[in-house]
1. Where residues in the range 180-209 are of a type in the set (G, A, S) and free of Cβ contacts under 8 Å to residues at least 60 places away in the same chain, which of them is nearest to H262 (Cα to Cα)?
2. Is it fair to say G138 is outside the structural domain of F247 (by TED's automatic domain parsing), in a helix (DSSP H, G or I) and at pLDDT 95 or above?
3. Can you spot a residue in the range 144-166 that is outside the structural domain of A268 (by TED's automatic domain parsing), part of a helix (DSSP H, G or I) and either buried (at least 18 other Cβ atoms within 10 Å of the Cβ) or under 14 Å from the mean Cα position of the chain (by Cα) (or both)?
4. Please note which helices (runs of 4 or more DSSP H) are completely contained in the range 239-301 and include at least 3 residues that are under 18 Å from the mean Cα position of the chain (by Cα).
5. Out of the residues in the range 168-198 meeting the condition of being touching a strand residue (DSSP E or B) at 6+ places or on another chain (Cβ under 8 Å) and surrounded by fewer than 24 Cβ atoms within 10 Å (Cβ to Cβ), tell me which one is nearest to L97 (Cα to Cα).
6. Considering the range 142-172 alone, what residues qualify as being over 27 Å from G119 (Cβ atoms) and of a type in the set (V, I, T)?
7. For the range 345-361, enumerate the residues that are touching a residue at least 60 places away in the same chain (Cβ under 8 Å) and assigned to a loop (DSSP other than H, G, I, E, B).
Amino acid sequence: MKTLTVELGERSYPIYIGSGLLDRPDLLTGHVKSRQVLVVTNQIVAPLYLERVRASLEGYRCETIVLPDGEEYKNMATLMRIFDALLGARFDRGVTLIALGGGVIGDITGFAAACYQRGVSFIQIPTTLLAQVDSSVGGKTGVNHPLGKNMIGAFHQPQCVIADTDVLNTLNERELRAGIAEIIKYGLICDAEFFLWLESNIDRLSARDAEALAFAVERSCRDKAAVVAADEREGGVRALLNFGHTFGHAVETGMGYGAWLHGEAVAAGMCAAAELSAREGLLAPADARRAIELIARAGLPVRLPREIDPDRFLELMAVDKKVQAGKLRLILLKSIGVAVMTGQFELAKLRECIEARREGA
């Protein structure tokens, strides 16, 4: 087992990464503050792992809620179901929520914990690759709105993250690839050495090589933990973690939540952002091609959906948390491993880029 720490002063917490961690009750119970626990999971994960988590909580008052699976359920109505369960059980401020699932479960459970009685504890047990390398770390929580993804939420740090790499064995191929998209992101924005490793090992990752997966999860978490420690509330450098996401969120919203997986949309978004970086003269065209080729080798989409025309795409991109004073800012690349947030790009080039990256272009 590897243990990393997200250094946030009194809000610091460990990330445990390794095999067989679901069978380590001490990792879980060491971060439960009282005897009250609500486990939040979904219909896919519950039959696989819920009883193992409950077994670690013997002697605790443990309630569970099983939610439907999918991005389309990451909304206020589902959030209310968690509050109904908490209030129905008469849980007080000592309760600990446990998010057992992928990014949707982690985000919505964390948001419920941030809001219930003005803030209670929660623990992340991510069961997808994407959640293990990205969404479970950093304290971003929230739900979607029909007009924009993740536009309603709060920063609320977990007590710990327990990333059992064994659970990735039950992950389907599409979800695995979606997680690899976020892994590639770290290499592109802040870790050129990791990007070189990925170019040599992407086939091992796709084939679920245990050693390669363990290394990629740890390296990704280490990269993200360093960024979060430097900028917890996204006032500066943390925004770089959104590379590809402004394009990607437009895809998810425009196509309907759940039609594209988050990682798939981010993959196509990173390709668009790499191309725009080259068009703006920030990034060498050869490096833009390297980024796009690696994403393609991972079996991920490299094109934006044809169904969203450029005008609509620009409208959707305008609903973004990086918009300031009506000005859209994007994360672009200066080189492999070096990203920058900027509003200094030509709208005409952005439109041309969207058109050029659409399917069939």
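1. Applying the filter and picking the extreme gives A207.
2. It is false that G138 is outside the structural domain of F247 (by TED's automatic domain parsing), in a helix (DSSP H, G or I) and at pLDDT 95 or above.
3. yes
4. 245-255, 262-279
5. C190
6. Of everything in the range 142-172, those that are over 27 Å from G119 (Cβ atoms) and of a type in the set (V, I, T) turn out to be T165, V167, T170.
7. F345, E346
The values are calculated or read from the model by the stated rules, or taken from the named source; none is laboratory data. Remember, it's a predicted structure, so these values are computed and weren't measured experimentally. No Cβ is skipped: glycine too gets one built from the backbone with ideal geometry, and neighbour counts run over all protein chains shown.
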